[in-house]
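The values are calculated or read from the model by the stated rules, or taken from the named source; none is laboratory data. Note that the structure is a prediction, hence the values are computed from the model and not measured. Every residue, glycine among them, receives a Cβ derived from its backbone with ideal geometry; neighbour counts consider all protein chains shown. To get the accessible areas, we keep the full protein, side chains included, count just its heavy atoms, and leave off ligands, DNA and RNA. Shrake-Rupley method; radii C 1.70, N 1.55, O 1.52, S 1.80 Å.
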Amino acid sequence: MSHWQLLVVCPVTNVVAWFCSLRKKPDTHIKTAINNAMKTANTTANGTNNQGTPKWIEVKSHVQSGGYECGYYVMHWMWNIISGGLKNDWTMWFLDGTTLDKETITTIHQKWASYFLKVQSNQCTKS
């Protein structure tokens with residue numbers, strides 16, 4: 001069974017925010033890969049890295065009740081992060097542990113559909 005999760009990487013602050021609507025912890029292989037990538041990205045030309053291992057934040061936000069809505073939860077978090085310009089204070093912005101109601105899921109669906117149609121329309125007029 002597939003499951004969508006969201007990983008937000010902030011190299012400047014050396015923070016990784018992990019979102020999972022089932023509250024699963026990040027897989028150790030994912031953590032290792034991200035930690036190594038962050039270490040490489042933060043290593044200077046002379047080979048030094050002053051930041052160390054990134055701080056992982058497991059954001060305790062909305063929890064899904066069914067078995068298929070995880071994509072909507074990821075799209076909800078992405079929309080809020082991008083539209084709000086969020087770069088820190090993850091636990092302050094995402095602390096609601098309730099499920100998303102049907103109206104919110106419908107709104108998320110409509111917002112993303114509208115956005116993608118706008119992008120598609122803009123690309124068609126540029127061709």
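Taking 7 Å steps out from each Cα toward its Cβ at Leu22 and Thr99 produces label points 1.5 nm apart.
Relative to the current alpha-carbon distance between Leu117 and Ala37, full extension at 0.36 nm per residue lengthens the span by 25.4 nm. Among Phe116, Phe94, Phe19, the largest mean-square fluctuation in a Gaussian network model of the chain (Cα springs under 10 Å) belongs to Phe116. Cβ-Cβ distance of His109 and Thr48, R₀ of 35 Å, FRET efficiency by 1/(1 + (r/R0)^6): the value works out to about 0.15. When the accessible area of the chain is computed with all protein chains present and a 1.4 Å probe, what percentage of it is carbon and sulfur? Taking all protein chains in place, the chain shows 57 percent carbon and sulfur surface. When both bridge partners sit in the chain, DSSP labels roughly 50% of those beta bridges antiparallel. Each Lys and Arg contributes +1 and each Asp and Glu -1, all at the Cβ; summed about the Cα centre of segment 25-100, the dipole is approximately 280 debye. Assuming charge only on the beta carbon of Lys and Arg (+1) and of Asp and Glu (-1), the dipole of the chain about its Cα centre is about 280 debye to the nearest 20. Residues of segment 103-121 with an amide N closer than 19 Å to a point placed 7 Å from the Cα of Asn80 along the Cα-to-Cβ direction: 103-113. Here the chain is described by how far its Cα atoms reach on the three principal axes: 50, 43, 30 Å, from widest to narrowest.
Close Lys pairs in the chain (alpha-carbon distance under 20 Å; sequence gap of 8 or more, or different chains): 14. A Gaussian network model of the chain, with springs between Cα atoms under 10 Å, assigns the largest mean-square fluctuation among His109, His76, His62 to His109.
Within the chain, helices built from complete DSSP H runs that reach 20 Å or longer along their own axis (Cα positions) and carry a mean Kyte-Doolittle hydropathy of -1.0 or higher are 70-84, 102-126.
Label points 7 Å out from Cα along the Cβ direction at Trp56 and Thr91: separation in nm? With each label point 7 Å from Cα toward Cβ, the separation is 1.6 nm. Build a GNM of the chain with springs between Cα atoms under 10 Å apart, and of Asn88, Asn50, Asn35 the one that fluctuates most is Asn50.
Solvent-accessible area per residue in segment 1-72 equals 61 Å², computed with a 1.4 angstrom probe and all protein chains kept. A dipole drawn for the chain from +1 and -1 charges on Cβ atoms has a positive end, and of Ser65, Val16, Ile81 the residue lying farthest that way is Val16.
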